[in-house]
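Encoded as structure tokens, the structure appears first; notes follow it.
The values are calculated or read from the model by the stated rules, or taken from the named source; none is laboratory data. Predicted, not measured: the structure shown is a model, and the values here were computed from it. Virtual Cβ from ideal backbone geometry, glycine too; neighbours counted across all protein chains shown.
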Amino acid sequence: MKAYRTKANKLPGTDFHEVRKKADRFYDQIKRRTKRRAYVRSAYFKKDKIFLSLFWQHLFDKEKWPDRMRRLKYFPAAIELIRHSHFDPKSKDNPNNSSEILHRFCGITSDNDIFYAQIKENKKTNQKFLISVFPEK
């Protein structure tokens, strides 16, 4: 799988609240562009909307603070990846729900850290949601 090289770095910080403030500022810029649900347009999906609200729900379902912070640090890089990448993702049907497809995009930050952004696509409505962002182990 090809990886898209982003210009964005990881968010700096050692405390979850410090990293979250920076991520919230970045997310607020995206939210201000629309009156309803926050979204970004994807180059790979021919400028379809990728909704972001599910990412925040999934993030706060995680029990451990360090895991939340580890994922949140890659949020700006993941948004850039979604907006600009034309590389084919790994796609497969969701094993838990047959009416969904999971797409996993690979990216590299400018610091050479590899990360993944996972998007869920509903087959019936054709809506797409950013589910998760995580670094390579």
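Would you pick out the residues in the stretch 40-66 that are acidic (Asp, Glu) and within 15 Å of ILE131 (Cα to Cα)?
Across the stretch 40-66, the qualifying residue is only ASP61.
Going by the conditions given, is LEU72 surrounded by 16 or more Cβ atoms within 10 Å (Cβ to Cβ) and at pLDDT 95 or above?
Yes: the conditions hold for LEU72.
Looking for something within 30 Å of GLY13 (Cβ to Cβ) and of a type in the set (Asp, Glu) - is there at least one such residue anywhere in the stretch 101-115?
Keep residues of the stretch 101-115 that are within 30 Å of GLY13 (Cβ to Cβ), which gives 102-115.
Adding the requirement that they be of a type in the set (Asp, Glu) leaves 111, 113.
The answer is yes; a qualifying residue exists.
Among the residues of the stretch 1-25, how many are more than 10 Å from MET69 (Cα to Cα), charged (D, E, K, R) and not in a loop (DSSP other than H, G, I, E, B)?
Counting residues in the stretch 1-25 that are more than 10 Å from MET69 (Cα to Cα), charged (D, E, K, R) and not in a loop (DSSP other than H, G, I, E, B) gives 5.
Being surrounded by fewer than 16 Cβ atoms within 10 Å (Cβ to Cβ), more than 26 Å from GLN29 (Cβ to Cβ), of a type outside the set (Gly, Ala, Ser) and touching a Leu at 6+ places or on another chain (Cβ under 6 Å) is the requirement here; does ASN126 meet it?
In short, no.
Hey, does the stretch 1-8 have a residue that's closer than 22 Å to LYS90 by Cβ, among the hydrophobic types (A, V, I, L, M, F, W, C), surrounded by fewer than 16 Cβ atoms within 10 Å (Cβ to Cβ) and in contact (Cβ under 8 Å) with a residue 12 or more places away in the chain?
The answer is yes; a qualifying residue exists.
Give the residue that is surrounded by the most Cβ atoms within 10 Å (Cβ to Cβ), with candidates limited to residues of the stretch 9-59 that are of a type in the set (Val, Ile, Thr) and closer than 14 Å to LYS73 by Cβ.
Among them, the one singled out is VAL19.
Got a number for residues in the stretch 105-123 being among the acidic types (Asp, Glu) and either under 11 Å from the mean Cα position of the chain (by Cα) or surrounded by 16 or more Cβ atoms within 10 Å (Cβ to Cβ) (or both)?
2
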